[in-house]
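The values are calculated or read from the model by the stated rules, or taken from the named source; none is laboratory data. All of these numbers come straight from a predicted model, not from anything done at the bench. Ideal geometry is used to build each Cβ from the backbone, glycine not excepted, and the neighbour counts take in all protein chains shown.
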Amino acid sequence: MRIKGYGNGTGGFNGGGSRSDSFCNKHRLGEKIRGKLIKNIPENMAWVDFNGDRLLAQLATPHPEGSLLLFIIKQLRPQIILKELTASHTGGTNALNLASTFDTTRTLFENHFSAAIKTHRLTKISFSCTDFIKFLATDAQLFACYMDAAHCARSISNSLIKTKRGLIAYQPWLAPESHRQATLVKVTDKRANMTESIVEFDHPNMGLVRIEFLYKVKTVAYKLKMQRPQHSPALIHFLSTKKYRGTNLNLQNLGISKLPQSGHGGIIAELLFRA
């Protein structure tokens, strides 16, 4: 990726001083980060959002709006210089392709899903899995978009089988007003019949949310990691009203913490691109 005005093969970002300073204060050299392409503008320029820091970039190749792009930080001062990572840079044969394809299909589904909700004039948006499937049945294109994203999630799971890092699922009904939903499920202790799952989503008010569930026999406990922990009371109340496998349970809250900056790329990025 080449950014306007700075060098070849790397890139610097154009942004106001406050945006640049905010970005520099949050990140370090050599860090891999993800940015969401917000809007394409003429001459291969685009606004890219890095967890709230929106910077203007010049891209070597076009990407659809809503795409999540992976970069490595080459320099922070005096200019921000990033390099876009491609499949050849990741160390995996097709890790970046898997993640990028899932990001694209998930974004296409989210856009169509939001439009369908508005068309049906739904005011209180809450879906069980059964309700969600019934809703998909009302729109062939919506169903096709979901199946594309679900198949991409399955491809990521297949790539993780040998590493035993878990399985990825796409379950947008768990957070229908949010974006970037992903679920990671893994068995942590077979003899103890213990299973761990992580549900992640990007909420308009809460920011990126990660709920780490631990299931053992009839006990369910969870930890909250949130980009904006001040909104945790609403989420805790929501979780307290849910049922697990058809049974009312008093879920045990094991704690609330701020999601670390290193987690803002999402669980899929952590799984596919970690060393």
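Remarks
- Within the range 26-52, the set of residues being closer than 12 Å to Phe71 by Cα and among the basic types (Lys, Arg) comprises Lys32, Arg34, Lys36.
- Checklist (1) crowded, with 17+ Cβ neighbours inside 10 Å; (2) assigned to a helix (DSSP H, G or I); (3) more than 20 Å from the chain's Cα centre (by Cα) applied to Ala144, failing item: (1)
- The range 159-173, subset under 15 Å from Ile267 (Cβ atoms) and in a loop (DSSP other than H, G, I, E, B), residue nearest to the chain's Cα centre (by Cα): Tyr170
- Among all residues of the range 36-51, there is at least one that is modelled with pLDDT under 80 and out of contact with any Ser or Thr (no Cβ under 9 Å at 6 or more places or on another chain).
- Residue in the range 208-217 that is at pLDDT below 95, under 20 Å from the mean Cα position of the chain (by Cα) and more than 19 Å from Ala182 (Cβ to Cβ) present: no
- Residue check, Ala182 part of a strand (DSSP E or B) and within 20 Å of Gly266 (Cβ to Cβ): yes
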